[in-house]
Amino acid sequence: MDAKRSSIPARLLDWYDAHRRDLPWRAKPGEAVEPYRVWLSEVMLQQTTVAAVRPRFATWVARWPTFAALAAADDADVMAAWAGLGYYARARNLVAAAKTVVADHDGAFPRTEAALRKLPGFGAYTAAAVAAIAFGERAVVVDANVERVVARLFAISVPLPGARPAIRAAADSITPDARAGDFAQGMMDLGSGVCTPRAPKCLLCPLRAQCAGFATGAPEAFPVKAARKAKPQRYGTIFWLEQDGAVLLVRRPPEGLLGGMRALPTGAWSDAPPGLEGAPAPADWRLLDVCVRHGFTHFDLDLALAVAHTQGHQPADASEWWPVESLASAGLPTVFAKAAETMERLR
Ligand code: SF4
């Protein structure tokens with residue numbers, strides 16, 4: 001590590017000593033760390049904010065203050081207490097891990113990351129966080145906050161998720177042998193309060209001089225997000241058939257996109273513009289030189305507009321004539337409402 005980077009751990013730890021958040025599951029300086037509380041908080045925080053977890057944590061530890069108490073808890077009570085904190089599988093794993101700790105480890109956590117990984121519900125992050133924070137083991141702890149801080153410190157330009165191995169290696173390179181738990185918590189606090197996602201407060205940051213992202217002038221550009229994949233493009237034609245001031249509407253088939261909704265008739269939607277294929281009635285159709293564009297979740301749709309006038313056409317069962325003047329009250333889905341607006345502009 002170069003001299004600039006090598007000063008990161010000491011700078012961060014100094015900052016942490018002065019600015020650490022006071023959290024109910026965190027031991028105060030000089031207090032013994034309680035592994036049960038560290039573990040519980042880390043699991044609770046995986047899908048919920050600190051503000052939401054605070055009261056829930058207090059209630060939980062008042063009710064089940066130890067591994068033994070949690071291991072003996074009624075499953076239904078635990079599930080009810082977990083409501084609103086994310087996946088219930090996490091709560092089930094809490095109980096399973098507490099039972100394992102009581103049955104196989106004399107009521108205390110094993111003290112290494114590797115041994116913790118063998119407990120129910122312990123993924124890489126939870127094992128590293130508990131090993132570092134509760135037992136001071138040198139473990140590399142990378143949560144979303146740390147990921148952001150490290151990507152900025154090292155100006156890692158590979159987009160996520162491909163950047164994760166590089167971010168982890170960079171985090172490893174600055175994790176100190178001593179006080180790894182405080183270092184991890186310091187990085188989390190820095191990410192939460194200073195190196196925030198949208199507008200990092202670099203002027204308050206203890207690592208500004210070491211930060212390659214800050215040096216670029218646009219640290220908020222890191223971590224780089226992968227460009228969204230272009231959606232497939234599909235095409236169709238909307239058929240605007242008018243008779244005596246009314247336009248033909250159809251009821252779309254119950255299955256499929258916009259199923260069962262009132263709509264302007266279209267042919268099939270396909271990979272190439274279908275022209276006049278699928279017209280609802282024989283008529284003197286004219287394709288207009290306009291296109292209605294609409295983005296669905298999984299594809300973009302370009303619809304050409306074809307117009308015709310007719311007389312004496314009997315609508316089929318799922319069709320009806322609707323007065324053009326009151327088309328706004330037909331409840332058309334957005335894509336067809338856009339087509340109606342286009343027609344109104346052209347009339
Ligand atoms: Fe984050 Fe700015 Fe600090 Fe770099 S200098 S770590 S971008 S807050």
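The values are calculated or read from the model by the stated rules, or taken from the named source; none is laboratory data. In this text, all values refer to a predicted model and were calculated from it rather than measured experimentally. Ideal geometry is used to build each Cβ from the backbone, glycine not excepted, and the neighbour counts take in all protein chains shown. To get the accessible areas, we keep the full protein, side chains included, count just its heavy atoms, and leave off ligands, DNA and RNA. Shrake-Rupley method; radii C 1.70, N 1.55, O 1.52, S 1.80 Å.
Figures for the structure shown
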quantity: Residues that are over 22 Å from residue 302 (Cα atoms) and crowded, with 17+ Cβ neighbours inside 10 Å, drawn from the stretch 213-241; calculated: 213, 214, 219, 222, 223
quantity: Conditions (1) at pLDDT below 90; (2) of a type outside the set (S, T, N, Q); (3) in the same structural domain as residue 311 (by TED's automatic domain parsing); number of the one not met by residue 280; calculated: (1)
quantity: Residue 182, sole failed condition from (1) away from the ligand (no atom under 12 Å from the Cβ); (2) open to solvent by less than 10 Å² (accessible area, probe 1.4 Å); calculated: (2)
quantity: Matching residues, the stretch 189-198, being in a helix (DSSP H, G or I) and either crowded, with 23+ Cβ neighbours inside 10 Å or within 7 Å of the ligand (Cβ to nearest atom) (or both); calculated: 190
quantity: Wholly within the stretch 1-65, helices (runs of 4 or more DSSP H) carrying at least 3 residues that are open to solvent by less than 70 Å² (accessible area, probe 1.4 Å); calculated: 8-19, 35-44, 50-63
quantity: Residue within the stretch 254-272 that is touching a residue at least 60 places away in the same chain (Cβ under 8 Å) and part of a strand (DSSP E or B) present; calculated: yes
quantity: Within the stretch 199-217, considering residues that are within 6 Å of the ligand (Cβ to nearest atom) and closer than 12 Å to residue 151 by Cβ, the one nearest to the chain's Cα centre (by Cα); calculated: 200
quantity: Condition check for residue 302: exposed (fewer than 14 other Cβ atoms within 10 Å of the Cβ), in a strand (DSSP E or B) and in the same structural domain as residue 257 (by TED's automatic domain parsing); calculated: no
quantity: Lone qualifier among 269, 285, 240 - being in the same structural domain as residue 315 (by TED's automatic domain parsing), among the aromatic types (Phe, Trp, Tyr), within 36 Å of the chain's Cα centre (by Cα) and away from the ligand (no atom under 16 Å from the Cβ); calculated: 269
quantity: First in the stretch 198-226 and under 21 Å from residue 159 (Cβ atoms), second anywhere and of a type in the set (Phe, Trp, Tyr) and within 9 Å of the ligand (Cβ to nearest atom), Cβ under 6 Å, 6 or more apart; calculated: 213/222
quantity: Test: residue in the stretch 164-176 that is exposed (fewer than 15 other Cβ atoms within 10 Å of the Cβ) and either closer than 20 Å to residue 47 by Cα or modelled with pLDDT under 95 (or both); calculated: no
quantity: Scan of the stretch 81-133 for residues that are in contact (Cβ under 8 Å) with a residue 60 or more places away in the chain and either in a loop (DSSP other than H, G, I, E, B) or over 19 Å from residue 53 (Cβ atoms) (or both), ordered by number; calculated: 108, 109, 121
quantity: Qualifying residue in the stretch 322-332 (condition: within 20 Å of residue 268 (Cβ to Cβ), at pLDDT 90 or above, in a helix (DSSP H, G or I) and open to solvent by 60 Å² or more (accessible area, probe 1.4 Å)); calculated: no
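Residue by residue, here is whether (1) outside the structural domain of residue 12 (by TED's automatic domain parsing); (2) aliphatic (A, V, I, L, M); (3) within 30 Å of residue 287 (Cβ to Cβ) holds:
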residue	(1), (2), (3)
157	no, no, no
183	no, no, no
186	no, no, no
191	no, no, no
198	no, no, no
203	no, yes, no
209	no, yes, no
253	yes, no, yes
